[in-house]
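Novice: What follows is a structure written as structure tokens; I'll ask about it next.
The values are calculated or read from the model by the stated rules, or taken from the named source; none is laboratory data. The structure presented is a predicted model; accordingly, all values stated were derived computationally and were not measured. Cβ placement follows ideal geometry from the backbone for every residue including glycine, while neighbour counts extend to all protein chains displayed.
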Amino acid sequence: MATLLSLGEPRLLTAAEFLQIDFGPDLKAELDNGVIRMMAGGSRDHARVQANILIALGNRLRGSGCRPYGSDMAILTHDASVRYPDVTVDWGQPGDSGDDRYLSAPRIVVEILSPSTRTIDLGSKKAEYQALPSVEAIVFVDPEGETVIVSARSEAGWFDSLPARCDIVLPTLNLTIPHEDIFARD
């Protein structure tokens, strides 16, 4: 009889292998350094803030060549990680990547923080997004405290704002999303 010890170490997946898996309509997962991590659904506050940001970006970016996407679109952060940010602004054209399952030129990434994802979002995901040459800013939004952190690329490297009850300001896109729009409840 085989035991767990005799089966050996599990094989890590590549991003290409992960993208071939059909999890069905009810399951969602990310690939984290070769390991599949199942994702739970978000809270009502999470969904509200995500929708507010998508609406604000969609209205402000219309006609610019950039497009906001929700968490159904993947970003390949490296050969063994596939992430699904809450909101992504992409400047690529459909099919640029050769595969319509992921975005080829993410410019802005937004992660909405929750107690269960905060550490990963502000840690490994942030580092992976910063390593992508097209990413100009990463925005972390905390629905509980109604605060925003913006990590922006500059010539000197990455600069992080302190968590604050403030607007999302994205100078490279020449746009601002007011605090009251981000956290609107109507």
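Novice: For segment 25-60, which positions are touching a strand residue (DSSP E or B) at 6+ places or on another chain (Cβ under 6 Å), surrounded by 15 or more Cβ atoms within 10 Å (Cβ to Cβ) and within 26 Å of Asp186 (Cα to Cα)?
Specialist: His46, Val49, Gln50, Ile53, Leu54, Ala56, Leu57, Arg60
Novice: Looking at Ser116, Ser104, Ser151, Ser124, which one is touching an Asp or Glu at 6+ places or on another chain (Cβ under 8 Å), of a type in the set (Gly, Ala, Ser) and surrounded by fewer than 16 Cβ atoms within 10 Å (Cβ to Cβ)?
Specialist: The conditions single out Ser124.
Novice: Looking at Glu128, Glu180, Glu111, which one is more than 16 Å from the chain's Cα centre (by Cα), at pLDDT 95 or above and not hydrophobic (A, V, I, L, M, F, W, C)?
Specialist: Going through Glu128, Glu180, Glu111 in turn, just one is more than 16 Å from the chain's Cα centre (by Cα), at pLDDT 95 or above and not hydrophobic (A, V, I, L, M, F, W, C): Glu180.
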